[in-house]
Amino acid sequence: MEKTDTEPLYNLGKLQEVAKANQSFIDKMVNIFIDQGPKSVKEIQEAHESKDMVKVRNVAHRMKSSINNMGITSLKNEIIEIELFDENYGSAERLDWLICRLGKVINEVVLKLKDVKK
């Protein structure tokens, strides 16, 4: 599912709600996401390439809360699917696509967040 014009790339509403108007906390969480999001995607890609599905699932699980807190709804189902992916029941092509999509959207969000910070 590609993002639609009505679906924002991300939504910091949940993070703002949790932060209770503490802008420095929001900024800190955004900066952590900018730093860690792409690194986590790379970890998943490398684990997948070395066929370490336990690590793929663990990193996806770790990313799930960040994706949720950053309001990246277009990845909600994909990150769960990666986390629960079972190579005995799913195709390698599907997992390749999911990881590729994850990387693409995370990079888009990071670029947009960096642009907003300027």
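Values for this structure:
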quantity	calculated
For the chain, convex hull of alpha carbons as volume per residue, Å³	99
For the chain: accessible area per residue (Å², 1.4 Å)	63
Stretch in the chain that is longest and holds no GluC sites (Glu not before Pro) that DSSP places in a loop and that have at most 15 other beta carbons within 10 Å	3-86
Protein accessible area in the chain, 1.4 Å probe - carbon and sulfur %	52
Computed helical MRE - 222 nm, the chain, DSSP H runs ≥ 4 contributing -39500 (n - 2.57), nearest 500	-24500 deg cm²/dmol
Cα extents of the stretch 47-98 along the three principal axes, largest first (Å)	30, 17, 15
Summed residue charge, Cβ within 15 Å of Glu43's Cβ, Lys/Arg positive, Asp/Glu negative	+2
Accessible surface of Lys117 - all protein chains present, 1.4 Å probe, nearest 10 Å²	120
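The values are calculated or read from the model by the stated rules, or taken from the named source; none is laboratory data. None of the values given here were measured: they were computed from a predicted structure. For neighbour counting, all protein chains shown are included, and Cβ atoms are generated from backbone atoms with ideal geometry for every residue, glycine included. Ligands, DNA and RNA are stripped out before the accessible areas are found, and what is left, the full protein with its side chains, is counted by its heavy atoms. Shrake-Rupley method; radii C 1.70, N 1.55, O 1.52, S 1.80 Å.
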